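Q: Encoded as structure tokens, here's the structure I'll be asking about.
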Amino acid sequence: MTVKAQLKWTDGMQFIARAGKGPAVVLDSGEGGSGPSPMEMVLMGVAGCSAIDVIMIMEKKRTQVTGFQDNITGERAEEYPKRYTDVHIEFVLHGKGLKPKAVEQAIQLSETKYCGAMASLNADFKTTYRIVDE
């Protein structure tokens with residue numbers, strides 16, 4: 001499967017990115033502030049990839065997830081290329097009667113089998129979760 005994306009420079013360190021025929025996204029340097037930096041987008045991609053996996057797995061388990069949030073933090077190396085060395089993802093699931101074992105299994109499957117974004121990074125991942133019983 002081939003994925004294509006295009007990046008066009010606008011001004012300063014701002015770029016407009018588009019994958020396929022999807023919507024455009026503004027990327028910028030940390031100083032520019034008109035959009036997330038490329039490394040921030042990497043973290044958002046990991047968060048989105050794992051979120052989709054966990055929600056899909058929980059739906060297959062016929063659970064009642066009524067709310068969901070990923071909180072992700074990445075630690076970067078001091079030396080170039082300043083890659084992410086450690087990433088922590090906290091999954092917060094809201095619902096009635098959610099079973100910790102089902103949540104743990106969904107997270108593990110995302111981390112070890114399904115999330116291509118996680119698999120693409122050379123970082124140590126730590127995951128935790130909270131269940132909010134409603």
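Values quoted throughout were computed directly from the atomic coordinates according to the rules given, and no laboratory measurement underlies them. What you are looking at is a predicted structure, and each value in this text was computed from that prediction instead of being measured. All Cβ positions, glycine included, derive from the backbone under ideal geometry; neighbour counts span all protein chains shown.
Q: Among bridges DSSP assigns within the chain, what percent are antiparallel (round to 5)?
A: In the chain, DSSP labels about 65 percent of beta bridges as antiparallel.
Q: Positive end of the charge dipole of the stretch 7-102 (Lys, Arg +1 and Asp, Glu -1 on Cβ, about the Cα centre): tell me which of GLY97, ALA24, GLN69 has its Cα farthest that way.
A: Positive-most Cα among the choices belongs to GLY97.
Q: Do you know the Lys pair count in the stretch 1-98 for C-alpha distances under 21 Å, with sequence separation 8 or more or different chains?
A: 4
Q: What's the percent breakdown of Cα-Cα distances in the stretch 50-134 across 5 Å bins, shortest bin first?
A: In whole percents, the pair-distance histogram is 3, 14, 26, 23, 14, 10, 6, 3, 1, 0.
Q: Could you give the size of the charge dipole of the stretch 59-134 about its Cα centre, using +1 on the Cβ of each K and R and -1 on the Cβ of each D and E, expressed in debye and rounded to the nearest 20? Mind dumping the intermediate values first?
A: Values: 12 positive and 12 negative charges, 90 e Å.
Dipole magnitude for the stretch 59-134 comes out near 440 debye.
Q: For a quick check of your reading of the filter: which trypsin sites (Lys or Arg not before Pro) in the stretch 1-40 sit in a DSSP loop and have no more than 12 other Cβ atoms within 10 Å?
A: Loop-located and lightly packed - LYS4, LYS21.
Q: Follow-up question, since we're still on this one. Compute the distance in nm between two label points, each set 7 Å from the Cα along the Cα-to-Cβ direction, one at HIS88 and one at MET56.
A: Modelled inter-label distance: 2.8 nm.
Q: Could you give the length gained on full extension between ALA5 and ALA102, defined as 0.36 nm per residue of separation minus the Cα-Cα distance, in nm?
A: In short, 31.4 nm is gained.
Q: Next question, about the same structure. DSSP loop GluC sites (Glu not before Pro) in the stretch 5-113 with at most 13 other Cβ atoms within 10 Å of their Cβ, which ones?
A: GLU31, GLU78, GLU79
Q: Another question about this same structure. Which value, in debye to the nearest 20, describes the size of the charge dipole of the chain about its Cα centre when Lys and Arg Cβ atoms bear +1, Asp and Glu Cβ atoms bear -1, and nothing else is charged?
A: The dipole magnitude comes to about 720 debye.
Q: So what's the back-of-envelope 222 nm ellipticity for the chain, counting only DSSP H runs of four-plus at -39500 (n - 2.57) apiece and dividing by all residues, rounded to 500? Spell out each step's value before the answer.
A: Details: 3 runs with 38 residues, N = 134.
Helix contribution divided over all residues of the chain: -9000 deg cm²/dmol.
Q: Just to confirm the number: angle between the C-alpha axis of helix 38-60 and the first principal axis of the chain, 0 to 90 degrees, nearest 10?
A: 20 degrees
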